[in-house]
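Right, one structure below, let's go through it.
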Amino acid sequence: MTRPQPESSATSGDCLAVPRAGAAAARSRGTTPARSSAAASPGRAPTRGAAAAAPAPSPPGCRRRRRGPPPEVLPPPLPPPSPAKHIRASLASARAAEASEGRSRGGRRRLRCLRCSGARGERGLDKSFGYGKNFGAKYEIGKEVGRGHFGHTCSARAKKGEIRGHPVAVKIISKAKMTTPISIEDVRREVKILKSLSGHTNLVKFYDACEDALNVYIIMELCEGGELLDRILSRRKVLEEDAKVIVVQILSVVAFCHLQGVVHRDLKPENFLFGTKEENSPMKLIDFGLSDFIRPDERLNDIVGSAYYVAPEVLHRSYSMEADVWSTGVITYILLCGSRPFWARTESGIFRSVLRADPNFDDSPWPSISPEAKDFVKRLLNKDYRKRMTAPQALCNFSSHPWLRDEQRQVPLDIFIYKLVKAYLRATPFKRAALKALSKAIPEDELVYIRSQYSLLEPNKDGRVSLENFRMALAENATEAMKESRVFDILHALEPLSYRRMDFEEFRAATISPYQLEALEGWEQIATTAFEFFEQEGNRVITIEELAQEMNLSPAAYSMVRDWIRPSDGKLSFLGYTKFLHGVTMRSGNTRHHHR
């Protein structure tokens with residue numbers, strides 16, 4: 001791949017190339033701007049701007065060397081007025097109206113009218129969410145701590161309930177800015193995801209959701225340690241050992257969300273907050289305003305996220321959980337070197353860079369960074385999502401040069417395993433033989449991840465697993481989110497394991513990904529050894545028509561597969577074997593189309 005052209009490139013010495021809230025988020029066909037949500041911390045909230053089709057202005061915080069006279073310096077804009085006083089006044093007004101409701105029929109009529117106008121909104125949109133109407137009675141609003149395009153965040157203190165007296169963060173979303181059914185559904189889905197996800201150290205806690213005629217209030221844990229971005233900006237880059245601690249936390253919560261069937265779609269440093277100001281404070285993932293529930297085999301097509309962190313397949317409108325892993329790779333790159341892997345003056349230029357350019361691993365400080373760290377980032381920033389590591393794989397000793405080696409760390413269950421087993425059970429005997437030969441050629445170091453996943457299924461006394469093992473492993477890790485996203489539906493495809501069991505040798509064959517193995521430096525040797533096993537145990541005479549049928553190819557592709565069969569004996573050649581392996585890996589899935 002080529003490096004970006006001068007118009008869309010910057011060396012790490014030009015500036016600290018990390019934007020606050022970056023370039024604009026893109027959503028849908030480029031006509032509807034994504035709804036922004038404020039951060040639940042005492043830091044400036046991330047904002048999202050125009051849609052993908054509209055070029056964004058030059059990103060803030062980055063000064064490039066210029067020739068000639070300096071450009072005109074414009075005075076900074078006046079800070080926006082804090083809405084905290086307005087919110088307090090509105091709550092006081094609402095309470096006064098309720099108090100006088102019993103004394104005045106006219107007052108009762110006016111209050112009813114106010115509620116009606118807030119709930120229905122313009123063009124008859126139903127803006128009633130069914131949340132509690134007693135926000136003012138339960139929480140005392142404080143100062144503003146964050147601001148976004150469609151909302152802002154204030155600190156508050158709980159006056160009632162289990163968290164009475166505790167400080168909280170209140171994300172306030174104006175109903176006046178919910179102008180489409182989609183924007184209303186976005187708020188409803190965000191609350192549902194926050195409410196259903198629970199039980200992870202690096203996930204912001206959800207407490208409550210309220211509403212009144214004017215706003216929706218999402219009450220969450222108050223994180224007072226500031227944004228991850230602030231720490232990056234204050235240090236320009238992070239020491240490698242410190243970066244490992246941060247990346248492990250990010251991957252851990254991403255793996256948790258993916259297992260529950262939630263894809264975040266807006267991972268960036270602004271959306272990770274430190275719980276306290278302590279140096280070793282755990283991070284919390286926030287802002288699920290663009291998140292969605294997703295089934296293991298489902299693919300999404302709406303373009304959302306922040307331009308600097310968006311994955312190539314998102315721009316191609318066919319993506320799944322792998323997009324979050326790409327964003328994690330971008331964050332890791334920034335942590336290690338203090339600059340962005342993809343940069344341009346405009347949003348469309350950033351997108352071109354993401355699609356066509358390769359990250360720079362040559363300029364300072366990369367020569368001083370360990371080869372393991374570089375290999376790790378490259379594995380996350382692979383433009384082919386099929387070759388990218390999953391979050392649990394990245395946490396495991398999966399690579400031949402593991403960067404995050406920790407023998408004591410528990411590797412989480414990976415939903416990717418379920419997808420691979422599903423594809424294996426649907427494969428023909430010839431395809432299974434090809435995979436079994438490949439599994440025998442894998443170096444022992446690369447089997448650590450597969451062994452860890454097998455042990456999480458808790459094999460029976462005979463060392464084998466059945467459908468019940470797969471079911472129980474999911475149930476032990478389930479939250480309400482897993483039910484909402486219908487992750488359990490994938491068990492229907494594993495029904496053959498209800499009347500037979502799978503030993504580790506077969507599990508190993510079922511859960512290897514030829515695409516991921518191809519990303520390893522030793523792929524050629526692995527493939528050569530695998531073909532030797534295949535020649536001994538699985539290769540057989542096969543016609544062009546049979547091979548095309550095995551790979552679900554149309555008759556028009558017969559000429560392409562002709563070269564994959566040896567004329568001498570009618571069996572697969574080495575080229576045919578490697579091509580056939582790639583055909584085994586599942587590429588397609590159900591694509592959910594959104595009309596935004």
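Each value in this text was obtained by applying a stated rule to the coordinates, not by laboratory testing. Values in this document were obtained by computation on a predicted structure and should not be read as measured data. Note that each Cβ is placed from the backbone with ideal geometry, even for glycine, and that neighbours are counted across all protein chains shown.
Brief remarks follow.
- Among the lysines of region 415-590, pairs at least eight places apart or on separate chains and with Cα atoms under 27 Å apart come to 22.
- Rounded, prolate or oblate (a/c below 1.5 giving rounded, otherwise prolate when a/b exceeds b/c) for region 415-590 by Cα gyration tensor: prolate
- Each of D324, D363 was scored by other Cβ atoms within 10 Å of its Cβ. Listed from fewest to most, they are D363, D324.
- Lys pairs under 20 Å by Cα in region 184-298, provided they are eight or more residues apart or on distinct chains: 14
- Neighbour-count ranking [beta-carbon atoms within 10 angstrom, fewest first] of I294, I141, I286: I141, I294, I286
- Ratio of Rg to Rh over region 295-351 (Cα coordinates, Kirkwood Rh, two decimals): 1.00
- Gap separating the Cα centres of region 415-437 and region 250-310, nearest whole Å: 30 Å
- Three-way shape label, region 481-520, alpha-carbon gyration tensor, a/c 1.5: oblate
- Among the GluC sites (Glu not before Pro) in region 269-351, those located in a DSSP loop and surrounded by at most 15 other Cβ atoms within 10 Å of their own Cβ are E278, E279.
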